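To start, the structure itself, in structure tokens.
The values are calculated or read from the model by the stated rules, or taken from the named source; none is laboratory data. Since the model is a prediction, treat every value here as computed from it, not as a measurement. So basically every Cβ, Gly included, is an ideal-geometry build from the backbone, and we count neighbours across all protein chains shown. In case anyone asks, the SASA skips ligands and DNA or RNA and just uses the protein heavy atoms, side chains included. Shrake-Rupley method; radii C 1.70, N 1.55, O 1.52, S 1.80 Å.
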Amino acid sequence: MRPLVVVPTYNERANIEELLRRVRMAAPETEVLVVDDGSPDGTADAADALAGELGGINVLRRTEKSGLGAAYRAGFAWGLVEGYDVLVEMDADLSHDPAALPSLLAAVEGGADLVIGSRYVPGGSIPNWSWYRRALSRYGNVYAGLALGLQVRDATSGYRAYRAAMLEKLDINCFRSTGYTFQIESTYKVRRAGGTIAEVPIRFADRVHGTSKMSSQIIFEALGLVTAWAVRDRVLRRGRS
Ligand SMILES: Nc1nc2c(ncn2[C@@H]2O[C@H](COP(=O)(O)OP(=O)(O)OP(=O)(O)O)[C@@H](O)[C@H]2O)c(=O)[nH]1
Ligand SMILES: [Mg+2]
């Protein structure tokens, strides 16, 4: 298998070097694509500076900050054209431990089309989040899971691996989400396409350096799209029966 780890970045200069070194240590054969939206702090330059030393590091420079979903769409399109077999999503802020990469890749090798690094299966864990953040993540997952019939514990996790052939089937350029709803949308579409989904436990770590890009706009995008898909599914089902 030829895996590519796609890392979207916006102002992650304080994290990117440690991240790339840890990926290289955990999975020496795995290549990386950093998808940077013109970070003013010079994240893309920092990644490029390491590319010579580490090898297998590519940087896709985009000019405008246009959301996590858009960054992944661009990164996956690049990876599919280049012929990688597995495309991995990983945050740049060290919340996703590169040491878990081999277990995600092994599950794809074992037959899964989508492998989610899950905080909510036995062995998985989340940090000392505030009750608000914890509730948002928990209830957001329960709502999306029930509304869309996802049958996974952690549909919002951003640490995951896709079989490239599955992504090719999904037509990701037609995805509706610009932000973090991308995670729910891709889970939903893999499920609808009849793909096999597996979850492997991960220990999610809190961001230490840099700032969060989470916003209420992101939460409303998720709520709006999940509800619209759920209603559409029910209307279509009723129309068929
Ligand atoms: N290219 C690109 N990357 C983004 C954008 N928004 C967020 N990211 C990256 O997406 C990853 C996840 O963003 P975070 O800010 O850590 O969001 P989060 O993990 O939900 O929130 P935290 O709890 O603060 O970690 C990080 O690597 C960000 O740099 C964007 O608009 N464009
Ligand atoms: Mg984060």
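Residue by residue, what Karplus-based ³J(HN,Hα) values in Hz, rounded to whole numbers, does the range 196-206 have, using 6.51, -1.76 and 1.60 with θ = phi - 60° and x for Gly and Pro?
Each residue of the range 196-206 in turn: 8, 10, 10, 10, 10, x, 10, 9, 7, 10, 6 Hz.
Can you compute the charge dipole magnitude of the range 196-241 about its Cα centre, using +1 on each Lys and Arg Cβ and -1 on each Asp and Glu Cβ, nothing else charged? Give it in debye, rounded to the nearest 20.
In debye, rounded to 20, the range 196-241 gives about 280.
With a 1.4 Å probe and all protein chains kept in place, how much accessible area does ARG153 have, in Å² rounded to the nearest 10?
130 Å²
Quick one: accessible surface of LEU80, probe radius 1.4 Å, all protein chains present, in square angstrom to the nearest 10.
40 Å²
Could you provide, to the nearest whole Å², the per residue accessible area of the range 81-235 with probe 1.4 Å?
46 Å²
What length, rounded to one decimal in nm, is gained on full extension from LEU236 through to ALA77, with 0.36 nm per residue of separation minus their alpha-carbon distance? Mind showing how you got there, number by number?
Working: separation 159, 0.36 × 159 = 57.24 nm, distance 3.05 nm.
The LEU236-ALA77 span can extend by a further 54.2 nm.
Angle between the Cα long axis of helix 13-26 and the longest principal axis of the chain, 0 to 90 degrees, nearest 10?
That helix lies at roughly 90 degrees to the long axis.
Mind listing the phi-derived Karplus ³J(HN,Hα) values for the range 133-139, rounded to whole Hz, using 6.51, -1.76 and 1.60 with θ = phi - 60°, and x for any glycine or proline?
Once rounded to whole Hz, the list reads 5, 5, 5, 4, 5, 5, 6.
Which percent, nearest 5, of DSSP beta bridges in the chain are antiparallel?
25 percent
Could you calculate the contour length gain from TRP131 to MET25, that is, 0.36 nm times the residue separation minus the distance between their Cα atoms, to one decimal place in nm?
34.7 nm
Using a simple charge model, +1 on the beta-carbon of Lys and Arg, -1 on the beta-carbon of Asp and Glu, nothing else, what dipole does the chain show about its Cα centre, in debye to the nearest 20?
1360 debye
Based on the mean of other Cβ atoms within 10 Å per residue, sort peptides 47-53, 130-136 so the most packed one is first.
With the highest mean Cβ count within 10 Å placed first, the list reads 47-53, 130-136.
Name the residue farthest towards the positive end of the dipole of the chain from the options PHE204, VAL6, GLY83, assuming +1 on Cβ of Lys and Arg, -1 on Cβ of Asp and Glu, about the Cα centre.
My answer, from the dipole projection, is PHE204.
Taking H placed 1.01 Å from N in the peptide plane, check which residues at least 5 places from TYR159 or on another chain put their amide H under 5 Å from its amide H.
GLY117
What is the magnitude of the charge dipole of the range 3-73 about its Cα centre, with +1 placed on the Cβ of each Lys and Arg, -1 on the Cβ of each Asp and Glu, and no other charges, expressed in debye to the nearest 20?
The calculation lands at about 180 debye.
Given the -39500 (n - 2.57) contribution per DSSP H run of 4+ residues, what per-residue ellipticity at 222 nm results for the chain, rounded to the nearest 500 deg cm²/dmol? Working shown, then result.
Numbers: 8 runs with 111 residues, N = 241.
Calculated at 222 nm, the ellipticity per residue is -15000 deg cm²/dmol.
Find out how many positive minus negative residues lie around ALA47, taking Lys and Arg as positive, Asp and Glu as negative, among other residues whose Cβ is under 10 Å from that of ALA47. If you can, show how the numbers build up before the last one.
Details: positive: ARG13, ARG61; negative: GLU12, GLU17, ASP36, ASP45, ASP48.
Neighbour charge sum, excluding ALA47 itself: -3.
Skipping prolines and chain starts, which residues have an amide H placed within reach, meaning under 5 Å, of the one on VAL86, given they are 5 or more residues away or on another chain?
Those lying under 5 Å, H to H, from VAL86 are ARG2, LEU4, ALA164.
Can you give the accessible area of TYR120, probe radius 1.4 Å, in Å² rounded to 10?
Taking all protein chains as shown, TYR120 has close to 20 Å².
From the backbone phi of the range 107-123, what are the Karplus-calculated ³J(HN,Hα) couplings (6.51 cos²θ - 1.76 cosθ + 1.60, θ = phi - 60°) in whole Hz, Gly and Pro given as x?
5, 5, 4, x, x, 6, 8, 9, 10, 9, x, 10, 8, 10, 10, x, x
Between VAL59 and residues 5 or more places away or on another chain, which pairs have amide H atoms under 5 Å apart, with H built 1.01 Å from N, and which residues are they?
VAL34
Going toward the positive end of the dipole of the range 39-168, with +1 on Lys and Arg Cβ and -1 on Asp and Glu Cβ, which of ALA92, GLY110, TRP129 do you reach last?
Among ALA92, GLY110, TRP129, the one farthest towards the positive end of the dipole of the range 39-168 is TRP129.
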